[in-house]
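The values are calculated or read from the model by the stated rules, or taken from the named source; none is laboratory data. Just so you know, these numbers come straight off a predicted model, no measurement behind them. Glycine gets a Cβ as well: all are built from the backbone with ideal geometry, and neighbour counts include every protein chain shown. When the accessible area is computed, the model is the full protein with side chains, heavy atoms only, and any ligands, DNA or RNA have been set aside. Shrake-Rupley method; radii C 1.70, N 1.55, O 1.52, S 1.80 Å.
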Number of protein chains: 2
Amino acid sequence: MGKVGNKGQIKERLRTWGYKATSARLSILGVLEKSPSPLSAQAIIDRMKGEVDPATVYRNIKALRDKGVIRPIDFRHNHAHYELETDREKKRHHHHLICTKCGASEDISYCDVELLEEMVIRKSKSFSAINQHSLEFYGICDKCSKK
Amino acid sequence: MGKVGNKGQIKERLRTWGYKATSARLSILGVLEKSPSPLSAQAIIDRMKGEVDPATVYRNIKALRDKGVIRPIDFRHNHAHYELETDREKKRHHHHLICTKCGASEDISYCDVELLEEMVIRKSKSFSAINQHSLEFYGICDKCSKK
DNA sequence: AAATTATTTGCAAATAATTTGCATTTAGTT
DNA sequence: AACTAAATGCAAATTATTTGCAAATAATTT
């Protein structure tokens with residue numbers, strides 16, 4: 001039973017998604033896989049220590065987003081954060097509780113939005129399908145509250 | 001029973017929130033009040049026909065956001081959209097169904113997130129309060145699907 | 001395994017989105 | 001009417017993202 005994060009498997013997946021398995025893409029996915037919380041484009045760039053050009057990171061973020069491989073999370077800063085959408089070990093589709101001060105985040109995995117989703121689409125007059133949804137909660141974390 | 005959108009009342013409210021009732025603020029709130037859907041900063045600026053400087057609009061968006069008068073909605077474009085948070089006639093707290101192609105949006109008012117919110121805060125280890133939340137659904141509207 | 005080709009990358013420059021400094025103006029006092 | 005703190009306009013700075021193009025590279029074909 002191989003690790004989900006195994007390089008060969010990621011390469012295969014990239015090809016399945018219709019992309020070449022370049023080192024830039026492996027890096028980006030690797031960085032996101034390692035991170036416990038969603039990262040900004042800048043944070044991804046920083047973690048690659050100058051090995052990948054920012055433009056390349058942005059282009060790939062867009063490409064991976066289009067394929068639904070990664071999804072944006074709004075941290076209420078003025079840029080998006082991203083996380084892997086695909087299920088990994090012990091990590092399924094989930095939502096977040098986000099500190100608007102420091103950007104810390106906690107995962108929330110017990111909100112069943114899919115049920116709501118069905119109702120929403122049934123009631124809509126001008127939409128016939130929903131591709132994605134966001135559900136995030138915002139507050140000030142205890143650490144920031146103390147300050 | 002005066003209209004909610006009445007100028008004098010808005011001025012009073014601005015003062016209550018700790019702000020001077022300037023024409024820039026009245027304009028911004030007026031524009032948002034008239035709009036059936038959340039507007040980007042640029043859209044707000046455009047609707048004021050050069051009468052208010054962009055910097056002033058941005059400064060006020062921030063100020064009104066801080067007071068919870070307006071709230072940001074993520075349209076998955078790369079800038080925020082805003083709408084009035086305060087209840088108006090026939091307009092209570094709600095969520096959205098958003099077309100990621102053209103930006104059209106439909107209001108959704110029957111999702112009771114407040115219940116979820118209680119559970120989230122009860123289960124959290126590092127947060128003690130939630131100030132805001134977002135719940136949006138994304139798809140391609142029927143108009144865009146046809147093209 | 002070298003040649004081929006369509007993708008992808010890096011770099012530099014462009015564009016978009018937002019913020020800031022500072023002199024001037026204005027709303028709400030006194 | 002004079003005063004004062006807050007707010008504004010304007011220009012410049014910063015931050016975030018996108019684009020054009022020549023060079024590099026992954027996957028394919030020979």
TODO: For residue B:81, state whether it is within 13 Å of another protein chain (Cβ to nearest Cβ) and within 16 Å of DNA strand D (Cβ to nearest atom).
DONE: yes
- [ ] Of the numbered conditions (1) at pLDDT below 95; (2) open to solvent by 40 Å² or more (accessible area, probe 1.4 Å), residue A:5 fails exactly one; give the number of that condition.
- [x] (2)
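Let's see how each residue does on (1) surrounded by fewer than 18 Cβ atoms within 10 Å (Cβ to Cβ); (2) within 17 Å of the chain's Cα centre (by Cα); (3) within 10 Å of DNA strand D (Cβ to nearest atom):
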position	(1), (2), (3)
B:9	yes, no, no
B:14	no, yes, yes
B:26	yes, yes, yes
B:50	yes, no, yes
B:54	yes, no, yes
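Given the criterion aliphatic (A, V, I, L, M), in contact with a Lys or Arg (Cβ under 7 Å, 6 or more places away or on another chain), free of Cβ contacts under 8 Å to residues at least 40 places away in the same chain and away from every other protein chain (no Cβ under 14 Å), identify the matching residue among B:57, B:31, B:52. Don't jump to the end; show me each part of the working.
On the way: B:57 fails: in contact with a Lys or Arg (Cβ under 7 Å, 6 or more places away or on another chain); B:52 fails: in contact with a Lys or Arg (Cβ under 7 Å, 6 or more places away or on another chain).
After applying the criteria, what remains is B:31.
Among the listed residues A:50, A:68, which satisfies the condition of being in the same structural domain as residue A:14 (by TED's automatic domain parsing) and farther than 30 Å from residue B:107 by Cβ? Write out each step before concluding.
Working: A:68 fails: farther than 30 Å from residue B:107 by Cβ.
Testing whether each residue is in the same structural domain as residue A:14 (by TED's automatic domain parsing) and farther than 30 Å from residue B:107 by Cβ leaves just A:50.
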Open item on the list: Looking only at segment A:94-133, how many residues end up being within 7 Å of chain B (Cβ to nearest Cβ), polar (S, T, N, Q), surrounded by 13 or more Cβ atoms within 10 Å (Cβ to Cβ) and assigned to a loop (DSSP other than H, G, I, E, B)?
Closed with: 2
